[in-house]
Amino acid sequence: MSLAIALHVLSAVIWVGGMFFAYMAMRPAVVEVVEASQRGVLWCQTLSRFFRWVWLSVVLLLVTGYWMIFSVFGGMAGAGWHIHVMQTLGLIMVLLYFHVYFAPFRRLKQAVAERNPEEGARRVGQIRKLVGINLIIGLVVVAVGAGGRYL
């Protein structure tokens, strides 16, 4: 069980921490330092690398989460409210990530390949908004997962 918990927590830290870093630290620095025509390229390269880790995190979060639900709690009926909240919000995060990856991120890669910085900027803005939403949800999930059983 300790392996499942460790992988679950590390996956959440990688995903939510990566979004926090990108949104709160990298984005403002990119705006100040990188020319507008190059921002799409930078974000495309950065997100390509980050999203590989998010895919792994999503898989590990789902596998370890359900592993713990069914091995520790004996199924959904034995899980506390905080587990249900964490699962529901986590699934919303996964669906939002799938949307970002398969729609605006795909279009960002296309805009970069076509050397279209205006379209790239639009897609980066769209991704930023969706990542901001997912970041807020992710922070709530972390708080509920860490402290929910004590409420």
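We did not get these values from a lab; they are worked out from the coordinates using the rules stated. Note that the coordinates shown come from a computational prediction; the quantities given were computed from them, not determined experimentally. No Cβ is skipped: glycine too gets one built from the backbone with ideal geometry, and neighbour counts run over all protein chains shown.
Side notes on the structure shown:
- Of residues in segment 72-95 being free of Cβ contacts under 8 Å to residues at least 12 places away in the same chain and farther than 22 Å from LEU135 by Cβ, the one surrounded by the fewest Cβ atoms within 10 Å (Cβ to Cβ): ALA77
- Of the residues making up segment 112-128, one or more are under 16 Å from PHE20 (Cα atoms) and within 13 Å of the chain's Cα centre (by Cα).
- Close pairs (8 angstrom Cβ cut-off, 6 or more residues apart or separate chains): surrounded by fewer than 16 Cβ atoms within 10 Å (Cβ to Cβ) in segment 135-151, among the aromatic types (Phe, Trp, Tyr) and assigned to a helix (DSSP H, G or I) anywhere: LEU139/PHE20
Per-residue answers, yes or no, for (1) part of a helix (DSSP H, G or I); (2) touching a helix residue (DSSP H, G or I) at 6+ places or on another chain (Cβ under 8 Å); (3) small (Gly, Ala, Ser):
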| residue | (1), (2), (3) |
| --- | --- |
| MET68 | yes, yes, no |
| ILE83 | yes, yes, no |
| HIS99 | yes, yes, no |
| LEU108 | yes, yes, no |
| ARG115 | no, no, no |
| ARG123 | yes, yes, no |
| GLY132 | yes, yes, yes |
| GLY138 | yes, yes, yes |
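- The condition of being within 12 Å of the chain's Cα centre (by Cα) and not charged (D, E, K, R) holds for only one of PHE105, PHE98, that being PHE98.
- If you go through segment 18-37 and keep only what is free of Cβ contacts under 8 Å to residues at least 60 places away in the same chain, assigned to a helix (DSSP H, G or I) and exposed (fewer than 14 other Cβ atoms within 10 Å of the Cβ), you end up with PHE21, MET24, ALA25, PRO28, ALA29, VAL31, GLU32, VAL33.
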